[in-house]
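Note sheet for the following structure.
The values are calculated or read from the model by the stated rules, or taken from the named source; none is laboratory data. All values derive from a computational prediction rather than experimental measurement. Here Cβ is always computed from backbone atoms with ideal geometry, including for glycine, and neighbour counts include all displayed protein chains. Protein only, heavy atoms only, side chains kept; ligands, DNA and RNA dropped before computing areas. Shrake-Rupley method; radii C 1.70, N 1.55, O 1.52, S 1.80 Å.
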Amino acid sequence: MFLAIKEMLHEKLRYSLIVALIFLVSYLLIILTGLATGLANLNKAAINEWDASSIVLNSDSEGRLQQSFLSQDEVASLPNNGTRISQYSTLVKSENGLKENAQLVALDSKSFIFKKLKITSGSKNIRNNAGVVSDKFKSDGFKIGDYLLVANSSLRIKITGFTPRATLSALPVVYISPDTIQSLNKGVTNAVVFKNTLNNSKIPKGTNQLSIGSFINKLPGYSAQQLTFNFMIGFLYIIILIVISIFLYILTVQKLPNLGVLKAQGVSTQYLVLSTLFQSFIMSVIGVIIAIILGEITAITLPSEVPIVIDKSNIIVTGIGIIIMSLLGALIPIRQIAKVDPYKIIGG
Amino acid sequence: MSNLIFDSVTKIFGEGSSKYVALENINFEAESGQLILVIGPSGSGKTTFLTIAGGLQTPTNGDVKINDSTINSLSKKQQTKLRLEKIGFVLQSYNLVPFLTVEEQFKFVDKLKNQNLTEQKMHELLSDLGLLELLKKYPNQLSGGQKQRVAIARALYTDPDYILADEPTAALDTDRSMKVIELLRDLAHKRNKIIIVVTHDLRLKDMADKVYQIIDGKMTILEK
Ligand SMILES: Nc1ncnc2c1ncn2[C@@H]1O[C@H](COP(=O)(O)OP(=O)(O)OP(=O)(O)O)[C@@H](O)[C@H]1O
Ligand SMILES: [Mg+2]
């Protein structure tokens, strides 16, 4: 790719401009996908940790945990390997004045979900008004042994352990026992979560089984948020495609006479096309790499309140996406190259 | 010995009422060691003739033969290959790749042909053409005459059997034009090439071994 490299080195300014554009759009893409992932995680991280496949809710609840109430009969007629969930959202305070909005989630300590919970520090104990809480509490200054005072109630929950990635609808989760939540919501069961998918015949009338995936999609605001992000991300891909096409098109049109003469001199169309693809590829790789490095730096320097998660799969998808767009962007210029007739240049 | 033959070649552009006969029943013959001039006014069909000779266009009727084999029935790909291996084009402008130094123009040819003979050959050629001191210069740092000489050197570098030149002197003053034509003539004689130069410049007539005239698509040989 002698010609391609020499040209880029000789026309540094032009090609750096394109690289800069690719970089800027890639950077924006990485940040946006990072935010989309981060916000999605805030909504659903706790549910992912459960590692379940289905959830049974009241049919009228539209998939909303807070609005779903299961009767004792309904719960009793479901298979007993499920985890019964009782939920209550509230404000909790520490004795020295720290405050946090939280999701209290009550479950049996013998349930599969509780058994699965990981602990980053402390112990996994929810007996006697003890709670295993999201490690967000830890980063906000709460410590093992601290008491959480539940607003508008005399309930005091003692923190015994911290668990990672425990957020639900953007709020940190406090796992407590069914006995503990009794005083707050009369111990109502909102849903039963299963490790496996139930046969429809086992679902009692008046209840509805959802896959965990569609339950997450029905979390308040979740789908709208993700749709917005996906829309912006999709748009950026289109923008980068158009920008690269235009730039390469202009560059190619400018050098058409030279390309025509090269063809007359026996340079094959294939060589010229590969040259252009190669340039496009190199530029996008450089742009993407700079964007990844800067994206990582940005993610590290941003305060932890900004929910940005730049993980490997995001980087790989974005990187490959941009590179594919750049190669597609070279298609119109390639058509120009294929079409240029050396005779027209010479005869012209 | 190589040769280039046009056997009753006709080139017609368009159809019906816009039909235009650019070349009419052309017979032409060139042999190694000759500098041949094709002279004619603007629009007479010179470039059409030259591009057909180089396989850039196909004749409507008749055959073009190189070393007794017909080239107009070759595929586009084969014609491109033929140009890379057997034909050197020298045009009025755009001959050189703007972002390559003189030296790199030659390296590029090496890459294309997958060869790396040839530092020595390049130096020999360049010193023959008085270009050695220009090795590191880009085309936009050269004069018109220097550019044309580099273009000729580049064309010769692949050691083609033919050099086809379309108005190679159009951008040059009389003095330089004469020099370039002299150079081409010497190359034809010394290196035993077929060199065909198309021009509307009648002053160059005396330099050639054979002169054809083309008027309104009809070609005649001019007796010297
Ligand atoms: N693609 C084409 N379609 C239609 N007519 C064409 C085409 N190419 C050339 N012609 C016509 O054929 C004639 C010969 O053209 P050509 O380019 O060979 O002239 P020329 O002798 O090289 O002229 P000049 O000295 O101005 O370069 C012209 O009248 C031109 O208009
Ligand atoms: Mg012409």
Consider only pairs whose beta carbons are under 6 Å apart and that are at least six residues apart or on different chains; among these, list those whose first residue lies in region A:249-267 and is at the interface with another protein chain (Cβ under 9 Å from one of its Cβ atoms) and whose second residue is of a type in the set (V, I, T).
A:P257/A:I345; A:G260/A:V340; A:G260/A:I345; A:G266/B:T80
Restricting attention to region A:110-121, does a residue exist that is assigned to a strand (DSSP E or B), open to solvent by less than 60 Å² (accessible area, probe 1.4 Å) and touching a residue at least 12 places away in the same chain (Cβ under 8 Å)?
yes
If the Cβ limit is 7 Å and pairs must be 6+ apart or interchain, which residue in region A:1-29 that is within 14 Å of chain B (Cβ to nearest Cβ) pairs with which residue that is open to solvent by less than 40 Å² (accessible area, probe 1.4 Å) and outside any helix (DSSP H, G or I)?
A:K6/B:F99; A:K6/B:L100; A:E7/B:F99; A:H10/B:F99; A:E11/B:F99
Top-ranked residue in region B:165-195 [being within 14 Å of ligand 2 (Cβ to nearest atom) and away from every other protein chain (no Cβ under 14 Å); ranked as surrounded by the most Cβ atoms within 10 Å (Cβ to Cβ)]
B:T169
Considering only region B:23-43, state which residues are surrounded by fewer than 23 Cβ atoms within 10 Å (Cβ to Cβ), more than 20 Å from B:M207 (Cβ to Cβ) and within 16 Å of ligand 2 (Cβ to nearest atom).
B:S42, B:G43
Hey, any hits in region B:22-30 for a residue that's modelled with pLDDT of 90 or more and either assigned to a loop (DSSP other than H, G, I, E, B) or within 14 Å of another protein chain (Cβ to nearest Cβ) (or both)?
yes
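How many of the residues making up region B:81-124 are free of Cβ contacts under 8 Å to residues at least 12 places away in the same chain, part of a helix (DSSP H, G or I) and at the interface with chain A (Cβ under 8 Å from one of its Cβ atoms)?
If we filter region B:81-124 for residues that are free of Cβ contacts under 8 Å to residues at least 12 places away in the same chain, which is where we start, we get B:81, B:94, B:104, B:107-108, B:110-111, B:114-117, B:119-120, B:123-124.
Next cut, part of a helix (DSSP H, G or I) only: B:81, B:104, B:107-108, B:110-111, B:119-120, B:123-124.
Next, only the ones that are at the interface with chain A (Cβ under 8 Å from one of its Cβ atoms) stay: B:81, B:104, B:107-108, B:111.
Matching residues across region B:81-124 total 5.
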Since B:T10 meets every condition but one in (1) open to solvent by less than 30 Å² (accessible area, probe 1.4 Å); (2) touching a residue at least 60 places away in the same chain (Cβ under 8 Å), which condition does it not meet?
(2)
Among what's in region B:47-61 and is near ligand 1 (Cβ under 7 Å from one of its atoms) and under 12 Å from the mean Cα position of the chain (by Cα), pick the residue that is most open to solvent (accessible area, probe 1.4 Å).
B:T47
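Quick grid of which residues meet (1) without any contact (Cβ under 8 Å) to a residue 12 or more places away in the chain; (2) within 16 Å of ligand 1 (Cβ to nearest atom); (3) closer than 20 Å to B:V64 by Cβ:
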{"position": "B:L164", "(1), (2), (3)": "no, yes, yes"}
{"position": "B:T169", "(1), (2), (3)": "no, yes, no"}
{"position": "B:D173", "(1), (2), (3)": "yes, no, no"}
{"position": "B:I181", "(1), (2), (3)": "no, no, no"}
{"position": "B:D186", "(1), (2), (3)": "yes, no, no"}
{"position": "B:I196", "(1), (2), (3)": "no, yes, yes"}
{"position": "B:I214", "(1), (2), (3)": "no, yes, yes"}
Specify the residue that is farthest from ligand 2 (Cβ to nearest atom); the eligible residues are those in region B:196-222 that are part of a loop (DSSP other than H, G, I, E, B) and open to solvent by 10 Å² or more (accessible area, probe 1.4 Å).
B:D209
